[in-house]
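A.B. asks: This is the structure, below, for whatever I ask next.
The values are calculated or read from the model by the stated rules, or taken from the named source; none is laboratory data. This is a predicted model, so every value here is computed, not measured. Every residue, glycine as well, gets a Cβ built from its backbone with ideal geometry; the counts of neighbours run over all protein chains shown.
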Amino acid sequence: MGYFPAMHRVVVMVRPVQSTFELGCAVEVFGTQRAGVPQYYEFEVCTETPGPVPTTAGYAISVAKGLSALASADTVLIPGWMPVEAPLSARVRRALLQAHAHGARLVTICSGVFALARTGLLDGRSATTHWSRAAQLARDFPQVRVEPDMLYVDHGDVATSAGAGAGIDLCLHLVRQDHGAAHAALLARHMVLPPHREGGQVQYMPALSTADTVNGLLEWAGARLATPLSVSDMAAYLSISPRTLARRFTDQLGTSPGAWLLSRRVAEARTLLEETDLPVEAIAARVGLTSAVNLRRRFRAQVGTTPGGYRRAFRVP
């Protein structure tokens with residue numbers, strides 16, 4: 001007789017008002033049967049109060065299973081938690097902690113991390129969420145090390161993802177961990193998705209603003225990115241010492257003049273990659289990074305991908 005491995009049981013816990021897309025990310029990876037793709041997962045949905053659960057799409061879904069479904073789960077997935085300020089009920093918190101104690105891994109998509117953080121299981125550990133909520137996560141849960149650039153963070157027993165699309169990245173990563181890269185790649189091909197995306201979510205964040213917060217200096221410097229501008233030049237514009245300039249930047253912007261200048265150059269490079277057909281060498285000269293090699297190095301360090309990869313993803317038609 002052949003050996004048939006036990007099915008891995010994925011239980012998704014939904015709540016009103018449930019995001020249909022974030023739930024759909026889990027369904028597509030773990031709950032959809034496809035011809036020619038082995039099915040290694042059992043998939044189930046539960047909620048605290050069984051019955052109709054309103055969704056962000058305006059219709060309700062009927063959920064028959066209650067929290068007892070979590071007791072036999074191998075993976076518990078929380079596909080969003082809105083509003084993020086919503087507390088965990090004692091029943092939900094207890095069910096999540098018991099599932100974790102029994103060996104289930106707890107996985108969140110996007111805002112679902114706020115629910116997981118309320119269990120205490122992320123204390124002293126790193127986690128991520130959508131870039132627009134990273135600051136709030138860090139503020140509300142200072143014991144959690146927030147990684148705003150990561151698409152996902154996996155500790156084995158708990159895992160968190162960035163925005164909703166990054167939930168698919170995390171789910172495919174878990175499939176790779178469970179059943180190998182070949183099976184994850186096969187599944188990704190059926191979903192018409194890359195098995196793995198380059199970089200983090202910095203590339204999806206809005207570029208930094210050049211708001212006039214340091215006596216007109218930011219606007220002045222932003223207009224001179226193509227020149228060999230230095231921190232000393234910036235200090236001279238305000239007739240202050242570089243040390244005083246550094247103190248003002250720290251107080252008002254939370255960064256150093258050199259780091260701001262580099263970020264501004266990279267932000268301008270992002271705009272040129274999106275809106276022009278200029279070669280990378282020309283863009284490097286326009287933003288004051290002197291060479292394509294230097295631009296590629298700085299760009300990858302700040303954005304998490306190459307200028308070419310960024311242009312392919314974000315070039316305006």
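A.B. asks: Enumerate the pairs (first residue in region 36-55 and assigned by TED's automatic domain parsing to the domain that holds G80 and part of a loop (DSSP other than H, G, I, E, B); second residue anywhere and β-branched (V, I, T) and surrounded by 19 or more Cβ atoms within 10 Å (Cβ to Cβ)) with beta-carbon separation below 7 Å, excluding pairs fewer than 6 apart on the same chain, so at least 6 apart or on different chains.
C.D. replies: That search, which allows pairs on different chains as well, returns E48/V92; P50/V63.
A.B. asks: Does at least one position in region 90-102 carry a residue that is crowded, with 17+ Cβ neighbours inside 10 Å and closer than 30 Å to V192 by Cβ?
C.D. replies: Quick first cut of region 90-102, residues crowded, with 17+ Cβ neighbours inside 10 Å only: 92, 95-96, 99-100.
This time we only want the ones that are closer than 30 Å to V192 by Cβ, so: none.
Looking for residues that are crowded, with 17+ Cβ neighbours inside 10 Å and closer than 30 Å to V192 by Cβ, one finds none in region 90-102, hence no.
A.B. asks: Can you list the strands (runs of 3 or more DSSP E) found entirely within region 62-173 that contain at least 3 residues being free of Cβ contacts under 8 Å to residues at least 40 places away in the same chain? Reasoning before the result, please.
C.D. replies: Numbers: elements: 75-79, 105-109, 152-154, 158-161.
So the answer is 152-154.
A.B. asks: Can you name the number of the only condition in (1) closer than 19 Å to Q302 by Cα; (2) modelled with pLDDT of 85 or more; (3) surrounded by 16 or more Cβ atoms within 10 Å (Cβ to Cβ) that W220 fails?
C.D. replies: It is condition (1) that W220 fails.
A.B. asks: So, V12, is that one in contact with a helix residue (DSSP H, G or I) (Cβ under 6 Å, 6 or more places away or on another chain), assigned by TED's automatic domain parsing to the domain that holds A90 and of a type in the set (V, I, T) or not?
C.D. replies: Working: in contact with a helix residue (DSSP H, G or I) (Cβ under 6 Å, 6 or more places away or on another chain): yes; assigned by TED's automatic domain parsing to the domain that holds A90: yes; of a type in the set (V, I, T): yes.
Here the answer is yes, as V12 does meet what is asked.
A.B. asks: When only residues in region 261-304 that are farther than 29 Å from A246 by Cα and not hydrophobic (A, V, I, L, M, F, W, C) count, which is surrounded by the fewest Cβ atoms within 10 Å (Cβ to Cβ)? Even if it seems obvious, please write down each step before you answer.
C.D. replies: Narrowing region 261-304 to residues farther than 29 Å from A246 by Cα: 273-282.
Then keep just the ones that are not hydrophobic (A, V, I, L, M, F, W, C); that gives 274-277, 279, 281.
Working: E274: 14, E275: 11, T276: 14, D277: 9, P279: 11, E281: 13.
Ranking the candidates gives D277 first.
A.B. asks: Please work out if V27 is within 21 Å of D154 (Cβ to Cβ) and free of Cβ contacts under 8 Å to residues at least 60 places away in the same chain.
C.D. replies: On the way: within 21 Å of D154 (Cβ to Cβ): yes; free of Cβ contacts under 8 Å to residues at least 60 places away in the same chain: yes.
Spelling it out, V27 is indeed within 21 Å of D154 (Cβ to Cβ) and free of Cβ contacts under 8 Å to residues at least 60 places away in the same chain.
A.B. asks: Now, a different point. Give the residues of region 269-308 that are under 23 Å from the mean Cα position of the chain (by Cα) and of a type in the set (D, E), sorted by residue number. If you could, list the steps in order and put the result at the bottom.
C.D. replies: So the first thing to find is which residues in region 269-308 are under 23 Å from the mean Cα position of the chain (by Cα), and the list is 269-271, 273-274, 296-308.
Once the filter is applied, which keeps residues that are under 23 Å from the mean Cα position of the chain (by Cα) and of a type in the set (D, E), region 269-308 yields only E274.
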